[in-house]
Amino acid sequence: MKSILLIGLGRFGRHIAQQLDLLGHEVMAIDSSEEKVNEILPLVTNAEIGDTTSELFLQSLGVRNFDACIVAIGDNFQSSLETTSLLKELGARMVISRAESDVQAKFLLRNGADEVIDPEKQMARWTAIRYSADHLLDYIELDDSHSIFEVTTPTAWIGKTVGQVDVRNRYKINIMALKKDGKMDTSIAHDTLLTGDATLLVLGNYKDVQKCFHI
């Protein structure tokens, strides 16, 4: 369980709060709107109304004590930038800030953000890759070139073992797990049998996965 300071309770901030609540983390939520703060109370450990561009207000929160500070402000970039900068100046361990463009991302990174999230850009990329491929069911991006992909088992592989298909040597792809009926089997070995009723979780470069699975 981690302690999270969440600043900004628009749609994006509320979704983050909901997910953090499901994961069992402690969340302190902040917004300048009393209405938004009252709405989020059932999902968070605590919530306050305040101006996060105020150094005195941020100091009162004890930002050093949080494992991560998420700046989810989306309607006022100046406020987001000032909040990000102040959090880092006050000793925040990890600051994750929302950006709506590459230019905003650069400014945030230069002014204290450890990481930047662009929800629309990331979702657009996920949607384009996910729904333009017949065999791809889901994916998680790890860096600019590597991701974990969930793919259907190719017909030609059914009944063969992981060692027989040999994708590690042929395509530089690692089969990390099999998923069947929502359950994961990570005990993958050379003699693990591939079946048509399970999907594969594979780790690799997107171009290698495209080539291997004809995506």
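Odds and ends about this structure:
Results for (1) crowded, with 16+ Cβ neighbours inside 10 Å; (2) in the same structural domain as Asp67 (by TED's automatic domain parsing), shown as yes or no for each residue.
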| site | (1), (2) |
| --- | --- |
| Gln104 | yes, yes |
| Leu142 | no, no |
| Tyr171 | yes, no |
| Thr186 | no, no |
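- Just so you know, in region 192-215 the residues that are more than 21 Å from the chain's Cα centre (by Cα) and over 18 Å from Thr155 (Cα atoms) include one that is surrounded by the fewest Cβ atoms within 10 Å (Cβ to Cβ), and it is Lys207.
- Breaking point among (1) free of Cβ contacts under 8 Å to residues at least 40 places away in the same chain; (2) out of contact with any helix residue (DSSP H, G or I) (no Cβ under 8 Å at 6 or more places or on another chain), for Thr195: (1)
- Asp31 being closer than 25 Å to Glu120 by Cβ, surrounded by fewer than 21 Cβ atoms within 10 Å (Cβ to Cβ), without any contact (Cβ under 8 Å) to a residue 60 or more places away in the chain and touching a helix residue (DSSP H, G or I) at 6+ places or on another chain (Cβ under 7 Å): no
- In region 39-69, the residues that are part of a helix (DSSP H, G or I) and either closer than 15 Å to Ile96 by Cα or more than 26 Å from the chain's Cα centre (by Cα) (or both): Glu55, Leu56, Phe57, Gln59, Ser60, Val63, Arg64
- Scanning region 153-169 for residues that are aliphatic (A, V, I, L, M) and surrounded by 14 or more Cβ atoms within 10 Å (Cβ to Cβ) yields Val162, Val165, Val167.
- Residue that is nearest to Glu115 (Cα to Cα), among those in region 143-161 that are part of a loop (DSSP other than H, G, I, E, B) and within 15 Å of the chain's Cα centre (by Cα): Asp143
- Every residue from region 1-38 that is of a type in the set (A, V, I, L, M, F, W, C) and part of a strand (DSSP E or B): Ile4, Leu5, Leu6, Ile7, Val27, Met28, Ala29, Ile30
- Which numbered condition Lys207 misses (of (1) touching a Leu at 6+ places or on another chain (Cβ under 9 Å); (2) assigned to a helix (DSSP H, G or I); (3) basic (Lys, Arg)): (1)
The values are calculated or read from the model by the stated rules, or taken from the named source; none is laboratory data. From a predicted model like this one, the values you see are computed outputs, not experimental measurements. Backbone-built Cβ (ideal geometry, glycine too); neighbour counts: all protein chains shown.
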